[in-house]
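*Asks:* Submitted below is the structure of interest, expressed as structure tokens.
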Amino acid sequence: LTVKVDPNGDGLTAPRHYTATSPPGAKYLQCTTKKVAGGVVSTYMHETLKVGDTVKLTPPYGVFTLDDAAPTAVLLSAGIGVTPMINFARALGGKVALAVHVDKSAKAHALKGEFESLLGKKKLLCKYTDGGKR
């Protein structure tokens, strides 16, 4: 989904695209935003927005679908690209044989605890680059 906010209060919106991370069928809409050092929008969302504030939303851009007919699945992600995988893991449940994720550090790994709860630690393989460059 696209979130539009006005971080500088000057009427100019700054659209950003996010993956919905609320569970399928939930009565709320959630997206996961990684705070980026020096990022105007992510910093605004983390430090200024609070529950009850209003933001503008527009429909998602592009198509990213799941083949739920597959008998098993391996989920692969890196960095904040992990966000679509959380709902794939929810939807596939026991069909997930393994989820592999690469990130800078365990601290930077978004949604790690949720993956561990959904899949168990044995089905989650994480590789951390210790903050190194790509």
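*Asks:* How about segment 77-107: which of its residues are open to solvent by 40 Å² or more (accessible area, probe 1.4 Å), farther than 24 Å from residue 42 by Cα and within 17 Å of the chain's Cα centre (by Cα)?
*Replies:* If the condition is that a residue be open to solvent by 40 Å² or more (accessible area, probe 1.4 Å), farther than 24 Å from residue 42 by Cα and within 17 Å of the chain's Cα centre (by Cα), then 90, 91 are the ones that fit.
*Asks:* Among 72, 19, which is the only one that is under 30 Å from residue 125 (Cβ atoms), open to solvent by 30 Å² or more (accessible area, probe 1.4 Å) and touching a Ser or Thr at 6+ places or on another chain (Cβ under 7 Å)? Don't jump to the end; show me each part of the working.
*Replies:* On the way: 72 fails: touching a Ser or Thr at 6+ places or on another chain (Cβ under 7 Å).
Among 72, 19, only 19 is under 30 Å from residue 125 (Cβ atoms), open to solvent by 30 Å² or more (accessible area, probe 1.4 Å) and touching a Ser or Thr at 6+ places or on another chain (Cβ under 7 Å).
*Asks:* Is it the case, given these coordinates, that residue 43 is at pLDDT 90 or above and not small (Gly, Ala, Ser)?
*Replies:* yes
*Asks:* Confirm whether residue 124 is open to solvent by 30 Å² or more (accessible area, probe 1.4 Å) and touching a helix residue (DSSP H, G or I) at 6+ places or on another chain (Cβ under 9 Å).
*Replies:* When the stated conditions are applied, residue 124 does not pass them.
*Asks:* Return the residue satisfying two criteria in turn: it lies in segment 25-58 and is within 21 Å of residue 91 (Cα to Cα) and open to solvent by less than 100 Å² (accessible area, probe 1.4 Å), and of such residues it is nearest to the chain's Cα centre (by Cα).
*Replies:* If we take residues in segment 25-58 being within 21 Å of residue 91 (Cα to Cα) and open to solvent by less than 100 Å² (accessible area, probe 1.4 Å), then 32 is nearest to the chain's Cα centre (by Cα).
The values are calculated or read from the model by the stated rules, or taken from the named source; none is laboratory data. For clarity, every value in this text was computed on a predicted model and none was experimentally measured. Every residue, glycine among them, receives a Cβ derived from its backbone with ideal geometry; neighbour counts consider all protein chains shown. Accessible surface is based on the protein model in full, side chains and every heavy atom, while ligands, DNA and RNA are left aside. Shrake-Rupley method; radii C 1.70, N 1.55, O 1.52, S 1.80 Å.
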